[in-house]
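The values are calculated or read from the model by the stated rules, or taken from the named source; none is laboratory data. Because the structure is predicted, anything quoted here is derived from the model rather than measured. Methodologically, a virtual Cβ is constructed for each residue, glycine included, from the backbone with ideal geometry; neighbour enumeration extends over all protein chains shown. Just so you know, the surface numbers come from the protein's heavy atoms only, side chains and all, with ligands and any DNA or RNA stripped out. Shrake-Rupley method; radii C 1.70, N 1.55, O 1.52, S 1.80 Å.
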Amino acid sequence: MVKIGILGPVGSGKTTLIEYLAKTFSPYHRVAIITNDVVSNYDAERIYKDLVDSGVIPRENVIGIVTGGCPHTAIREDPSVNLRALQRLSKNSPDLILIESGGDNVMSTFSPSLADYTVYVLDTAAGDKYPRKGGLGIMESDLLVINKIDLAPYVGADLQKMREGAIYVRKGKPFVMVSLKTGEGLDEMVKVIRDDLGV
Ligand SMILES: Nc1nc2c(ncn2[C@@H]2O[C@H](COP(=O)(O)OP(=O)(O)O)[C@@H](O)[C@H]2O)c(=O)[nH]1
Ligand SMILES: [Mg+2]
């Protein structure tokens, strides 16, 4: 059982990424999903609609957590609610569990008890000052996904600057530049995850 923790700012594309990974891996693996939302169960409802209703994954493999308060706490300082969810899901013997953090800032990280592998998602449209400005999640995650590169021309984001920033702050750790909307870069992203995790 491999647990992939997915973090990043609100709106960067975490749930979209989880849906893509679930569709990609579910033909070969039993996939389960935990969502963390701060004040609603919005993402879990979306996953029921997009993935459960269409038969991609069974309903019992999705758990939505409403954390209240600070989303970092629920995945780092006190991950007990998430650990209980993992325990419940483990009865269904999943191979791959995708855990989405509630929208968080650049310093967010997962407790090692919760995730074996972490993916930090950045939004190109949030500005090309990142990833160069750094932050724990951006620098230390196992994989940095710079998403929404399709929006770069509309927001004046310089992708070369973002690439150089990623190389600088990641110090050899992998990163990919993708669009979950157009599909650009997604094959490379899946290859990195497969190679890193042996899945
Ligand atoms: N243009 C564009 N929009 C995207 C992309 N990825 C996600 N989105 C959109 O960005 C919005 C936020 O995505 P979501 O997955 O809910 O972000 P989350 O808050 O990090 O879970 C949604 O409207 C997505 O359809 C992308 O690569 N390009
Ligand atoms: Mg989400």
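So which chymotrypsin sites (Phe, Trp or Tyr not before Pro) in the stretch 26-59 are both in a DSSP loop and have at most 11 other Cβ atoms within 10 Å of their Cβ?
Working: sites: Y28, Y42, Y48; in loops: Y28.
Taking the stretch 26-59 and a limit of 11 other Cβ atoms within 10 Å, the loop chymotrypsin sites (Phe, Trp or Tyr not before Pro) found are Y28.
What stretch of the chain, leaving out the sites themselves, is the longest with no trypsin sites (Lys or Arg not before Pro) in a DSSP loop having at most 12 other Cβ atoms within 10 Å?
On the way: sites that count: K91, K129, K133, K171.
The longest uninterrupted stretch comes out as 1-90.
Roughly speaking, to the nearest percent, how much of the chain's 1.4 Å accessible area is carbon and sulfur?
About 52 percent, which is the carbon plus sulfur part of the accessible surface.
Explain nothing, just the number: relative contact order of the stretch 2-185, from Cα pairs under 8 Å at least 6 residues apart, as a whole percent.
It comes to 27 percent, rounded to a whole number.
Just the accessible area per residue of the stretch 17-167, please: how many Å² with a 1.4 Å probe?
About 44 Å² of surface per residue is accessible.
Let me have the 222 nm mean residue ellipticity of the chain computed from DSSP H runs of 4+ only, each contributing -39500 (n - 2.57), with the sum over all residues rounded to the nearest 500.
Helix contribution divided over all residues of the chain: -9000 deg cm²/dmol.
Using every pair of alpha-carbon atoms in the stretch 49-99, split the distances into 10 Å bins beginning at 0 and state the percent of pairs per bin, rounded to integers.
Per 10 Å bin, starting at zero, the Cα-Cα P(r) for the stretch 49-99 comes out as 22, 47, 28, 3 percent.
Take every Cα pair under 8 Å in the stretch 21-111 that's 6+ residues apart, average their separations, divide by the length, and report that relative contact order as a whole percent.
40 percent
Suppose the chain between L151 and E184 were pulled fully straight at 0.36 nm per residue; how much longer would it get relative to their current alpha carbon spacing?
10.7 nm
Taking 0.36 nm per residue of sequence separation and subtracting the Cα-Cα distance, how much length would be gained by fully extending the chain between R88 and D195, in nm to one decimal? Let's see the in-between values first.
Working: separation 107, 0.36 × 107 = 38.52 nm, distance 2.82 nm.
In short, 35.7 nm is gained.
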